[in-house]
Each structure stands twice: as structure tokens, then as C-alpha cells.
Amino acid sequence: MLRRKFVAPCLSFVLALLAALVPALAQAPPSPAEKSAPAKHIAIRAGHLIDGKSAKVLDNVLILIDGDKINSVTPSGTVPAGVETIDLSKSTVLPGFIDLHTHVLLNGDITAEDYDQQLLKESIPYRAILGARNALIALDHGFTTIRDLETEGAMYADVDVKQAIANGEVPGPRMQVATRAMTPTGMYPLLGYSWELKVPTGVQYVDGLDGARKAVREQVMYGADWIKYYSDRRYHFEPDGVLHSMVNFTDEEAKAIVDEAHRLGKKVAAHAIGSDGIAAALRAGVDTIEHGDGLTEALMDEMAKKGTVWVPTVMVGAYVAPGRGGNWTKMVESEKVAFEKALKRNVKIAFGTDVGGSDWRDIGQAREFQYYVDYGMSPMEAIQTATSRAAEVLGWSDKLGTVEAGKWADIVAVSGDPLKDIAELQRVRFVMKAGVVYKNEIGSR
Ligand SMILES: [Zn+2]
């Protein structure tokens, strides 16, 4: 059943609401008039630049911005006359961060009750308003781009949040969205209610080869940039010590989803936690493995060979584990071991948090960096998972992910040195997206 679409209330009300919810955000998004104004020139003096690509930090850099793009990045240099200068000479400047696994339409689901309440008691318009708030929180934390990986029962409302941001109606990161995600019938909540009740489902139920292709076409028609499906459920450790799982789709169905998505020029993300689910997703030819707690060395080697990207989402796994009990704490430990091994086996790891599984107001997404460093990655590599590597996954390497001439001017800054203390990235103090400053607590102008 398709519900009524979210109708935006008046803009001033939305902005007042958003400003009240996130006081740090001082500036409104560019008005339509501003958007049509001639390109604005801005110069940034960066004390230190981590550009998202180089292994080295560059000192005393001048970044010139024309409108929404970076025009040049040079060692020091003179600012052309009449150009506004933002002085970040005492700060470390980085590319805007990219989170490849978010849920703007969800606000914490430690327990099944948390999840069911949102789907049963909150309308999709209400959830979309919270989605706009969550997008703003992401931006405030330095995430200028996100891949939102399914709406959890909120139909295509992610497309609406994305569009409202792209139109400059509300502030937020630029988005790629997956819309509804897929499982076969009965393999994803809401479950356990009387058969007499028609309750919403967190995904689109999809069965059979024709059903798989039709669902992909339908989601793409309504605005999906990515196709996401749930490869597995029921995670459990077996005597071999490996985290196993029950696979959802038949191989033929999963291959039909992936083939149809690729035929339409879209990539596929698979939720795959246990080794069986990961193996099935790799057989189907997906582009990214989400979570991946049960990765074995053989599966890692297969991923490295195929170039399949792993998006670990450690932050939310660790967040929900104590409240969920059961195997969840052991699964977090299993993922830590897998992460350490994957680093040695050249698996491509890209940054994703699964925020939304945690309440957006509880922990900032940059907490994920800390886990990667604690698990053996260098701080510079960890930063690159959320910049150049993540941009590659999105197919946007030519547009963002590094501070370089020709890229969108997505720039953040912190006061301290994130290579000495990665937690510094949890204290982002300057945020620019596409040449517009959304937060500035440090740079005098
Ligand atoms: Zn997720």
C-alpha cells in the first residue's frame, strides 16, 4: 500500500524547527535567489591539509573556491583582490566526510519494540521530518555526503529528503539512496502480529525471478540510486568457530536482483553478517558487503580478488550489542578479528556507520574512525575510507572525496591533529558543502 507522500510545511517553520534542534547550525541553506547569483569566490587558508588522497599532510595551503567547486589548491600564495578569505591557518582541513551506510528515516532500533513502534506509531511524514533533522545532524558533524541504505518501512521518503536537500529547501548532505531494500516474503519485520492485521514491512517483499527484476525496476523508477537486499538473518556461531547465518534469497533470485540492477546502471549493497550470507552475496556479484562480521579468510580473499568493498559499520554493531544480548557481543568481537585480518589481505574497506540503528542524537558518526584505528588501521588510511575510497564506491571519484581543483568544495576542519588523536574528527568545527559554509566555529572571515 502506497501511503500519501510527505507534504512540506512552510519553510520558515521547518528552518525554525531545525535551528531549535541543532543550535550549532547557524546558517540557512542558500535561498533560490542565492543559487542563481553569480559564482561566489572564497579563499581558505589551511594551516594543514589532509587532502583525502596523499599519504602526507600539506602545510600552509591556499584553497581558492569558485561557486560550488574548488578552483585551485596551492602552497601558500596570494588571495586575489576582493575575495573573501576564511582563515583556517591554525586548523587541519580535510575533505567533507562520506558515510556509506546511514538510515535517516530511523532513530534507534536496539530492540524489536524500538523498531516496531516507529513503523506502527509514526506516520511517514513525521518520520521524514525527523529524517530532515537527522540529515542536518550529519552535516553538522562534517558528513557532506551520505549513502542512505533503506528507509525501514518509510517507502520512498529518502528520495524526498534527498530532493529537498538538493533543492536547497533544507540543509543536509548530498545523498545517494536505496529506497526500500528487499527480502523474500516473511524474512524481515514487522513479524509476529496476528494474520488478521495488515502491518507495514521494513522492506519490500520480493519473490521469484520475475518478482526480483520487477522490484528493481520499480525502485529505480521511484528514485533508487542503489539496490539493497538482505542476504541473511539468524546469525549463530557453529562448532567451527565461524559466524554462520540463514540465507534469504535463492542464488537465482539474488543473481536476478544484481543482474537487473547492473543492467539499469545501479550498484547493489548486500546486508550480509554471517559467513553463509556473505558467500551468497559474493556468488550473486554484489558491489558492497554491509556489516560482514562473519568474514572468513577465504571470503576476504574472494572479495580482494573481485574488488568487492566491505563497509563494516562497527559503530552501531557495538552500540546495539549490549541491549540485544545473545550473540551480538561475540559478533562485535568476531568483526574486530575479521577487520585485523582483512587489512593484511587487501580487502577494500570503506567507511559506513549504520547510524539510525543508533539514535542520531546519541553518537556522532565520526566515532567509526576510532574503531578503525583501534582495529589496526593508520589514521590516514581511516580518513581515506571516508573520503577518496568512499567517493570511489559512489562512482563520484571525479566529483568529491579529495580537496583538489575541479572537485566540489566540500571541506571540513578541526582544531587539533587527527593523525595524533583520531577522536579529533568527532569535533568538527567548520563545514562547507558545495562552497556554502554551514558551520564555522574557528575560521575568522
Ligand atoms: Zn543498516
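Just checking, how many residues over the range 234-258 are acidic (D, E) and touching a residue at least 40 places away in the same chain (Cβ under 8 Å)? Counting residues in the range 234-258 that are acidic (D, E) and touching a residue at least 40 places away in the same chain (Cβ under 8 Å) gives 2.
Before we move on, is L400 surrounded by fewer than 22 Cβ atoms within 10 Å (Cβ to Cβ) and either among the basic types (K, R) or closer than 30 Å to K344 by Cα (or both)? The answer is no for L400.
So in the range 342-369, with the set limited to residues that are open to solvent by 40 Å² or more (accessible area, probe 1.4 Å) and more than 17 Å from V393 (Cβ to Cβ), which one is farthest from the ligand (Cβ to nearest atom)? Outline the logic, then answer.
First, the residues of the range 342-369 that are open to solvent by 40 Å² or more (accessible area, probe 1.4 Å): 343-346, 348, 361-363, 367.
Then keep just the ones that are more than 17 Å from V393 (Cβ to Cβ); that gives 343-345, 361-363, 367.
Working: L343: 23, K344: 27, R345: 24, R361: 18, D362: 16, I363: 15, R367: 16 Å.
In this case the residue turns out to be K344.
Just one residue in the set S72, S54 is more than 16 Å from the ligand (Cβ to nearest atom), small (G, A, S), in contact (Cβ under 8 Å) with a residue 12 or more places away in the chain and surrounded by fewer than 18 Cβ atoms within 10 Å (Cβ to Cβ); that residue is S72.
Checked against the criterion of being in contact (Cβ under 8 Å) with a residue 24 or more places away in the chain and within 16 Å of the ligand (Cβ to nearest atom), the candidates E84, E150 yield just one match: E150. The single condition from (1) at pLDDT 95 or above; (2) in a loop (DSSP other than H, G, I, E, B) that I383 fails is (2). Which residue, of A390, A434, A413, A409, is surrounded by fewer than 23 Cβ atoms within 10 Å (Cβ to Cβ) and of a type in the set (A, V, I, L, M, F, W, C)? A434 is the lone residue from the list that is surrounded by fewer than 23 Cβ atoms within 10 Å (Cβ to Cβ) and of a type in the set (A, V, I, L, M, F, W, C).
Taking the criterion of being under 20 Å from D359 (Cβ atoms), of a type outside the set (A, V, I, L, M, F, W, C) and open to solvent by 10 Å² or more (accessible area, probe 1.4 Å), the residues of the range 287-328 that qualify are H291, G317, Y319, P322, G323, R324, G325.
Quick one: is A338 within 15 Å of the ligand (Cβ to nearest atom) and either closer than 18 Å to H271 by Cα or open to solvent by 50 Å² or more (accessible area, probe 1.4 Å) (or both)? Considered against the rule, which asks whether it is within 15 Å of the ligand (Cβ to nearest atom) and either closer than 18 Å to H271 by Cα or open to solvent by 50 Å² or more (accessible area, probe 1.4 Å) (or both), A338 comes out as no.
Within the range 230-262, which residues are open to solvent by 40 Å² or more (accessible area, probe 1.4 Å) and charged (D, E, K, R)?
R233, R234, E238, D240, D251, E252, K255, D259
Collect the residues in the range 225-240 that are in contact with a His (Cβ under 8 Å, 6 or more places away or on another chain) and away from the ligand (no atom under 14 Å from the Cβ), keeping them in residue-number order. Answer for the range 225-240, where residues must be in contact with a His (Cβ under 8 Å, 6 or more places away or on another chain) and away from the ligand (no atom under 14 Å from the Cβ): Y235, H236, F237, E238.
When residues in the range 191-229 are screened for being open to solvent by 10 Å² or more (accessible area, probe 1.4 Å) and not basic (K, R), 23 of them pass. Where strands (runs of 3 or more DSSP E) fall wholly inside the range 241-293, the ranges with 2 or more residues that are more than 15 Å from the ligand (Cβ to nearest atom) are 243-247.
The values are calculated or read from the model by the stated rules, or taken from the named source; none is laboratory data. Keep in mind the model is a prediction, meaning the values are calculated, not measured. Here Cβ is always computed from backbone atoms with ideal geometry, including for glycine, and neighbour counts include all displayed protein chains. These accessible areas exclude ligands, DNA and RNA; they are computed on the full protein's heavy atoms, side chains included. Shrake-Rupley method; radii C 1.70, N 1.55, O 1.52, S 1.80 Å.
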